[in-house]
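K.L.:
I have a structure here, written as structure tokens, and I will follow up with some questions on it.
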Amino acid sequence: MNTKAAAQEFELTFDHNAILVKDLTESSNFYLNIIGLKEIENKTEKSHIRWFSLGGNSSLHVIEDKNHKVPDVKGLHFALHTKNLDAFIEHLKENNIYFENWPGEANTTNTRPDGVRQVYLKDPNGYWIEVNEN
């Protein structure tokens, strides 16, 4: 059996990220009002879970777990992109949301080796989020 060929037959695509949060309402408000994600139907129908669209068929599942602790590791993050990073940065500033570049310098961007500008911020639970411009 050729494992490489067999693995390609699955045609896996990204489905969702799930994060555990201490306060479902606070985190949901952040993803709705600061990040600007659209809330979608929570197919689990459980009251401690909310779903948000990440575009296409991808979603973010926010799950309340009051005892969960998030590791503070910037390299463990999820990334979103925008066509207008400058407007997003202004939105963060207007809402007093701290952001930094990859090296950790506050209130500024950096440019990746592929020419894409990016910033990093944390959600209310300490999850790192990269927002880049393409």
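K.L.:
Per residue, how much accessible surface does the chain expose to a 1.4 Å probe? Answer in Å², no decimals. Display every interim value, and only then the final one.
P.N.:
Values: 8500 Å² over 134 residues.
Per residue, the chain has an accessible area of 63 Å².
K.L.:
Next up: Quantify, in whole percent, the carbon and sulfur part of the accessible surface of the chain (1.4 Å probe; protein heavy atoms only).
P.N.:
Details: 4150 of 8500 Å².
Within the chain, the accessible surface is 49 percent carbon and sulfur.
K.L.:
Assigning unit charges at the beta carbon (Lys, Arg +1; Asp, Glu -1) and nothing else, what dipole magnitude in debye, to the nearest 20, does the chain show about its Cα centre?
P.N.:
So the dipole magnitude of the chain works out to roughly 160 debye.
K.L.:
Give, as a single signed number, the net charge of other residues whose beta carbon lies under 11 Å from the beta carbon of residue 25, with Lys and Arg counted +1 and Asp and Glu -1.
P.N.:
It works out to a net charge of -1.
K.L.:
Could I ask something else about it? When ranked by the protection proxy of mean other Cβ atoms within 10 Å per residue, highest first, what sequence do the peptides 108-115, 78-85 form?
P.N.:
Per-residue mean Cβ counts within 10 Å order the peptides as 78-85, 108-115.
K.L.:
Holding the Cα-Cα limit at 19 Å, pick out from 38/83; 46/66; 22/122; 93/122; 22/69; 66/93 the pairs that are longer than that.
P.N.:
Among 38/83; 46/66; 22/122; 93/122; 22/69; 66/93, the Cα-Cα distance tops 19 Å for 66/93.
K.L.:
Please report the antiparallel percentage of DSSP beta bridges with both residues in the chain, rounded to the nearest 5.
P.N.:
Rounded to the nearest five, the antiparallel share is 60 percent.
K.L.:
Could I ask something else about it? Comparing 58, 27, 47, which has the greatest mean-square fluctuation in the GNM of the chain with Cα pairs linked when under 10 Å apart?
P.N.:
Taking springs between Cα atoms under 10 Å, the residue moving most is 47.
K.L.:
Hey, another quick one. Need one number for the chain: average projected area of the convex hull over its C-alpha atoms, nm².
P.N.:
In nm², the orientation-averaged hull projection of the chain is 10.7.
The values are calculated or read from the model by the stated rules, or taken from the named source; none is laboratory data. This structure is a prediction, so every number in the text was calculated from the model and none was measured. Heads up, the Cβs are rebuilt from the backbone with ideal geometry, glycines too, and the neighbour counts pull from every protein chain shown. Surface areas here come from the heavy atoms of the whole protein model, side chains and all, with no ligands, DNA or RNA. Shrake-Rupley method; radii C 1.70, N 1.55, O 1.52, S 1.80 Å.
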